[in-house]
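Working notes for the structure below.
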Amino acid sequence: RERYPQGIPEKVKASLKHELKLIRELDYARYFLTVYDIVRFARSRGILCQGRGSAANSAVCYCLGITSVDTAEIDLLFERFVSAERDEPPDIDVDFEHERREEVIQYIYSKYGRSRAGIAATVITYRARSAVREVGRALGLSEDAISALSGTVWGWSNRGVRPEHVRELGLDPDDPTLARALALTRALIGFPRHLSQHTGGFVITRGQLDEIIPIANAAMEERTVVEWDKDDLATLGLLKIDVLGLGMLTCLRKAFGLLAAHYGITHSLASIPQGDMPTYDMICKADTLGVFQIESRAQMTMLPRLRPRCFYDLVIEVAIVRPGPIQGDMVHPYLRRRQGLEKVEYPTRELRAVLEKTLGVPLFQEQAMKIAIVAAGFTAEEADQLRRAMATFRKTGTIQNFGRRLVEGMVARGYDRAFAERCFKQIEGFGEYGFPESHAASFALLVYVSCWLKCHYPDVFACALLNSQPMGFYAPAQIVRDFRDHGGEARHVDINHSAWDYTLEEAQGPWRALRMGFRQIKGFREAEAQAIMAARDRPFASIEDFARRSRISVPALRRLADADAFRSIGLDRRQALWAVSRYQQTASPPELLADLPLFAATRTSPFGKEGAVTLPDMRIGEHVMQDYISVRMSLKAHPMQLLRARFEARGHARAQALAHLPVGRFVEVAG
């Protein structure tokens, strides 16, 4: 009733019947209901969450509220998630707000007990660089030699240090000790080094954990770790639930709260209006700073070329700017076909059904599985093995084992060999982080919701994003600058108006003004901000009044003065710093909370109370520089604004003038 108030579509009814039959046959009902219980708890506490990954293929997960992608709107492969042929239990990943994930973790422990719930381990293996370092130390190589050798390898390279690189470093690869070290290094790469804690994989059992698997106390309090990794658990058939943290969910929950508080509008992930053209117009212009997933420079470059106009376009956008499609030579063919520059052709009707959504170019893992089944004769089990090989390519390289089987299978069914080899090359590219379609669909929903908020309520979105830091690509200064570039008003931190977080205030324009919070001041503590807010029953009138009522430390007073936070009582930065110094000299010892009582008397000047003085005004450039030191941004002026006249006098062109200059003219720019 909640998901389909107008009635369940026939397509969904068929999916539910098929899925429930499989769930009953494989005895997974308790697993689904356990995940549902965890999600229900989170929602009862106002914690935003949604399932992702292969679980988004499931109509059952959507109806239980675990995922947010409607399977009636997008055609996904349920067998990617649960299949009778797969000798592997389902794995549901659920993202929770990153600031409140610990509440969910502690709920699991409190409900099931630490004797029946534990976090899975992950096996940390030797990479090339760590293998070089440990073998080198064990065999007595010098630190200089170890550093030089380790600098020649990177990432998942399993070849170790090449002899030619050794010679380039001025070392002898035939030296017995060095040769032994290099041989041991190659043998050690990929070998287990130690256990670590999985990012969020929970094992929950009916009986005692320690009767089944080894457990240990985690480094963090109130946590238990299972000493086997996810592959070991899958081999035993133990079910795992991934309880993950996602910063954008924190941002969206705060945005929904601000939207209700300031505009009287109540929204959730599911209620945001779909198909909003102004939102898609904004996306096509790559005006996406701060939104989910499509905020990177690579995504911003792609958006005006792909020009998303519907939800499935966003699914493709999320997946296409990845190493997998790039390595598989999928990006340019897709763009050419989308722009009508290249004809879309399908060798067979079966492949058309698989590839039509992506214009004949395989972009998703599910498509690779379907190609293997319909074009090469793979069984569902073999296709799933191919999927797992794609997922672990960087560690094991086993995807090559499927190359001949796929190509020969396609040729035997009448496909051209060159086409078959091209298909495998594209599938092989998935080993470089190919994206599951279900995962991209889950992320695309958050992309759309964050873009809708940024388009229609940029004040709400900017405020929520700033209060969810650290997260994403951009620093607070860039987020605030983007909001101001869109016509928003930002106001400086102030003792009479600011809270710990950024807040919204009434303003003249269409949106609320953004008030900087105390959190932006370098070195300022939340406890001090709370003390200020608790004492602010009426406006502060002076430094002395502020210090007496808030009772914060003198160093905190200086940080506020450095941040130019006393403007509302008529003091600029320099005047406030002087006033804080006067207060420190004249205040009685109990008021000097940051000083030891034993030495408080030494703070009193032997020359008596400091007299009033007239201080010269700080220049705007000095203010800007000090703003960046204290709050890491400036609302007074952009640094280039102070230098623009000087650069123009030297003949440097302004960026906005470049579009009007003759083609072929050399220009100098500065910034």
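Of all the residues that make up segment 257-283, how many are crowded, with 17+ Cβ neighbours inside 10 Å and in contact (Cβ under 8 Å) with a residue 24 or more places away in the chain?
Going through segment 257-283 one residue at a time, the tally reaches 9.
Just to be sure, is residue 462 at pLDDT 95 or above and either surrounded by fewer than 16 Cβ atoms within 10 Å (Cβ to Cβ) or within 27 Å of residue 278 (Cα to Cα) (or both)?
Considered against the rule, which asks whether it is at pLDDT 95 or above and either surrounded by fewer than 16 Cβ atoms within 10 Å (Cβ to Cβ) or within 27 Å of residue 278 (Cα to Cα) (or both), residue 462 comes out as yes.
Suppose we keep only residues that are in a loop (DSSP other than H, G, I, E, B) and of a type outside the set (Gly, Ala, Ser) within segment 326-342. Which one would you say is surrounded by the most Cβ atoms within 10 Å (Cβ to Cβ)?
Among residues in segment 326-342 that are in a loop (DSSP other than H, G, I, E, B) and of a type outside the set (Gly, Ala, Ser), the one surrounded by the most Cβ atoms within 10 Å (Cβ to Cβ) is 330.
If a residue has to be in a helix (DSSP H, G or I) and either touching a strand residue (DSSP E or B) at 6+ places or on another chain (Cβ under 8 Å) or surrounded by 15 or more Cβ atoms within 10 Å (Cβ to Cβ) (or both) to count, how many in segment 534-554 make the cut?
So the count comes out to 8.
Residues to consider are 499, 507, 529, 565; find the one that is assigned to a helix (DSSP H, G or I) and among the aliphatic types (A, V, I, L, M).
Only one candidate passes the filter, namely 529.
Filter segment 1-53 down to the residues that are β-branched (Val, Ile, Thr) and without any contact (Cβ under 8 Å) to a residue 40 or more places away in the chain and list them by number.
Within segment 1-53, just 8 meets the criteria.
So which residues in segment 349-361 are assigned to a loop (DSSP other than H, G, I, E, B) and without any contact (Cβ under 8 Å) to a residue 40 or more places away in the chain?
359, 360, listed by residue number.
Go through (1) hydrophobic (A, V, I, L, M, F, W, C); (2) in contact with a Ser or Thr (Cβ under 6 Å, 6 or more places away or on another chain); (3) part of a strand (DSSP E or B) one by one and return the number of the condition residue 251 breaks.
Just one mismatch for residue 251, condition (3).
Which condition from (1) modelled with pLDDT under 80; (2) closer than 15 Å to residue 435 by Cβ; (3) not charged (D, E, K, R) is the one that residue 321 breaks?
In the conditions (1) modelled with pLDDT under 80; (2) closer than 15 Å to residue 435 by Cβ; (3) not charged (D, E, K, R), residue 321 misses (1) alone.
List every residue pair whose Cβ atoms sit under 8 Å apart, with the two residues 6 or more apart in sequence or on different chains, where the first one lies in segment 488-512 and is closer than 14 Å to residue 476 by Cβ and in contact (Cβ under 8 Å) with a residue 40 or more places away in the chain and the second, anywhere, is of a type in the set (Asp, Glu) and outside any strand (DSSP E or B).
The qualifying pairs are 492/564; 493/564.
Within segment 386-409, can one find any residue that is closer than 26 Å to residue 343 by Cβ, among the acidic types (Asp, Glu) and modelled with pLDDT of 85 or more?
Looking for residues that are closer than 26 Å to residue 343 by Cβ, among the acidic types (Asp, Glu) and modelled with pLDDT of 85 or more, one finds none in segment 386-409, hence no.
Of all residues in segment 474-496, how many are outside any helix (DSSP H, G or I) and touching a Gly at 6+ places or on another chain (Cβ under 8 Å)?
Residues meeting the conditions: 5.
Select, from 528, 489, the only residue that is among the charged types (D, E, K, R) and closer than 17 Å to residue 634 by Cα.
489
Quick check on my filter: what residues within segment 194-215 are surrounded by 15 or more Cβ atoms within 10 Å (Cβ to Cβ) and part of a strand (DSSP E or B)?
Within segment 194-215, 195, 197, 198, 200, 201, 202, 203, 204, 215 meet the criteria.
How many residues does segment 362-385 hold that are outside any helix (DSSP H, G or I), under 35 Å from the mean Cα position of the chain (by Cα) and surrounded by fewer than 16 Cβ atoms within 10 Å (Cβ to Cβ)?
0
Among 425, 454, which is in a helix (DSSP H, G or I), under 14 Å from residue 251 (Cα atoms), of a type in the set (Lys, Arg) and in contact (Cβ under 8 Å) with a residue 12 or more places away in the chain?
454
Taking segment 631-671 on its own, how many of its residues are within 26 Å of residue 559 (Cβ to Cβ), in a helix (DSSP H, G or I) and touching a residue at least 24 places away in the same chain (Cβ under 8 Å)?
Summing the residues that are within 26 Å of residue 559 (Cβ to Cβ), in a helix (DSSP H, G or I) and touching a residue at least 24 places away in the same chain (Cβ under 8 Å) in segment 631-671 gives 1.
Across segment 1-57, which residue is surrounded by the most Cβ atoms within 10 Å (Cβ to Cβ) among those that are in a loop (DSSP other than H, G, I, E, B) and touching a strand residue (DSSP E or B) at 6+ places or on another chain (Cβ under 9 Å)?
48
Right, residue 345: of a type in the set (Asp, Glu), under 16 Å from residue 458 (Cβ atoms), modelled with pLDDT under 95 and assigned to a loop (DSSP other than H, G, I, E, B) or not?
Criteria not met by residue 345.
The values are calculated or read from the model by the stated rules, or taken from the named source; none is laboratory data. Everything numeric in this text was worked out from a predicted model, so none of it was measured. So basically every Cβ, Gly included, is an ideal-geometry build from the backbone, and we count neighbours across all protein chains shown.
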